[in-house]
Amino acid sequence: GESVGLHLPTLSVQEGDNSIINCAYSNSASDYFIWYKQESGKGPQFIIDIRSNMDKRQGQRVTVLLNKTVKHLSLQIAATQPGDSAVYFCAGRAGWGKFQFGAGTQVVVTP
Amino acid sequence: DVKVTQSSRYLVKRTGEKVFLECVQDMDHENMFWYRQDPGLGLRLIYFSYDVKMKEKGDIPEGYSVSREKKERFSLILESASTSQTSMYLCASESQGASTDTQYFGPGTRLTVL
């Protein structure tokens, strides 16, 4: 069946370094993707989204890259800060179908 | 800003109790969703609704029911709570046909069934 998954359960990154979080999806019809950030004890927060007609989208300190050929997307966080410590997960959908969610990567920012 | 609120942040119930989880959104969104979130499994869709009084089963509806009497409110009901339903429950809403398809989430309800 369809699945969306992240490659690593935990990512440890030093403060000030760039973080890269990866996600793979299986449904080639998926055409819309979102990255969420979830801090401990809170609900998921929208970070950035991308449609399949784009390869790259930039926000404030974040960039999402989409590679439809290998069904892979990544979230890059520039100059990672302690406040970036959270679980990050991706979600994808095909048309108005249901979102499929990845399990998440825990990002730990060390001083 | 979109606001999705959930009635409780933490809830402790006993096996066999009937449990109500309420969700309210203030953006006039047509679509609302209930998910549960368990470690290592990601979000799993329980039920969703595209309009008042409409409901559709998600991937794991067993043991749950929902009610949507008003557009802004979507309730999740556990008819007879079991320990396997201990989880984090997340409500989300989205707008149909808007420029963005984003789902906005509430803060979650952490339910413990003893």
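Computed quantities for the displayed model
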item	result
Residues of the stretch B:20-49 satisfying the condition of being assigned to a loop (DSSP other than H, G, I, E, B) and away from chain A (no Cβ under 11 Å)	B:Asp26, B:Met27, B:Asp28, B:His29, B:Glu30
Residues of the stretch A:27-70 satisfying the condition of being of a type outside the set (Ser, Thr, Tyr), assigned to a loop (DSSP other than H, G, I, E, B), within 14 Å of chain B (Cβ to nearest Cβ) and on the phi < 0 side of the Ramachandran plot	A:Asp31, A:Glu39, A:Lys42, A:Gly43, A:Pro44, A:Asn53, A:Met54, A:Gly59
Count of residues meeting criterion [assigned to a strand (DSSP E or B) and not aromatic (Phe, Trp, Tyr)] in the stretch A:71-111	19
Residue that is surrounded by the fewest Cβ atoms within 10 Å (Cβ to Cβ) [pool: residues in the stretch B:1-19 that are within 14 Å of the chain's Cα centre (by Cα) and outside any strand (DSSP E or B)]	B:Arg9
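Every residue, every condition in (1) modelled with pLDDT under 95; (2) buried (at least 19 other Cβ atoms within 10 Å of the Cβ); (3) closer than 24 Å to B:Leu114 by Cβ, yes or no:
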{"position": "B:Gln37", "(1), (2), (3)": "yes, yes, yes"}
{"position": "B:Leu43", "(1), (2), (3)": "yes, yes, no"}
{"position": "B:Asp51", "(1), (2), (3)": "yes, no, no"}
{"position": "B:Pro61", "(1), (2), (3)": "no, no, yes"}
{"position": "B:Ser65", "(1), (2), (3)": "no, no, yes"}
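The values are calculated or read from the model by the stated rules, or taken from the named source; none is laboratory data. Remember, predicted model here, so these are calculated numbers, not experimental data. Glycine gets a Cβ as well: all are built from the backbone with ideal geometry, and neighbour counts include every protein chain shown.
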